[in-house]
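First up is the structure itself, then whatever we jot down about it.
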Amino acid sequence: QVQLVESGGGWVQPGGSLRLSCAASTSIFNIYHMGWSRQAPGKQRDLVAFLGTDSSTMYADSVKGRFTISRDNAKNTVYLQMNNLKPEDTAVYYCNAHNTQDTYWGQGTQVTVSS
């Protein structure tokens, strides 16, 4: 069983930055792909950033050039650096770990972008 704990959410003005963290309970990055998804009220949960076990990355078009996913293997932590935030980025952000056998989700962290 893998536990994921997100942190770093909060309120920020448009144009601001936040860094989200996702701490895993054990070393998993060599066997699980990692991702950040978000869900706004009344909308489906969408993947915004992906980090493969081979360190490949992918981003949703809406966040390309503004968000960066990375990891620290020594800390078992994945990050999502979010720059130039927009009101439409407001959502609950979830970390997930997945492979062909398992999928794990964190509890989510709220990000609110408003003036």
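The values are calculated or read from the model by the stated rules, or taken from the named source; none is laboratory data. Everything numeric in this text was worked out from a predicted model, so none of it was measured. So basically every Cβ, Gly included, is an ideal-geometry build from the backbone, and we count neighbours across all protein chains shown. These area figures cover heavy atoms from the full protein model, side chains too; ligands, DNA and RNA do not enter into them. Shrake-Rupley method; radii C 1.70, N 1.55, O 1.52, S 1.80 Å.
Residue by residue, region 89-98 carries 3J(HN,Hα) couplings of 7, 4, 4, 8, 9, 10, 8, 9, 10, 8 Hz when phi is fed to the Karplus relation 6.51 cos²θ - 1.76 cosθ + 1.60 (θ = phi - 60°); x denotes Gly or Pro. Working note: Karplus 6.51/-1.76/1.60 with θ = phi - 60° gives region 25-33 the couplings 6, 7, 6, 10, 5, 7, 10, 10, 6 Hz, where Gly and Pro are set to x.
Roughly how many debye, to the nearest 20, is the charge dipole of the chain about its Cα centre, given +1 on each Lys and Arg Cβ, -1 on each Asp and Glu Cβ, and no other charges? Each step should come with its number before you reach the end.
Values: 9 positive and 8 negative charges, 39 e Å.
It works out to roughly 180 debye.
Panel note: the C-alpha atoms of the chain, placed on their principal axes, show extents of 40, 26, 23 Å (largest first). Protein heavy-atom accessible surface, 1.4 Å probe, per residue over the chain: 53 Å². Taken along the Cα-to-beta-carbon direction at a fixed 7 Å, the label points for Ser62 and Ser114 span 1.8 nm.
Database remark: amide H of Phe67 closer than 5 angstrom to the amide H of Asn83 (H placed geometrically; neighbours at sequence offset of 5 or more, or on other chains; Pro and chain starts carry no H). Per atom type, the chain shows carbon and sulfur on 46% of its accessible surface, probed at 1.4 Å.
For a paramagnetic label modelled on Trp105 (point 7 Å from Cα along Cα→Cβ), amide N atoms under 11 Å away belong, within region 1-42, to 37-39. Straight-distance candidates among the aspartates and glutamates for linking to Lys86, with alpha-carbon spacing under 19 Å and chain neighbours fewer than 8 residues away dropped: Asp46, Asp61.
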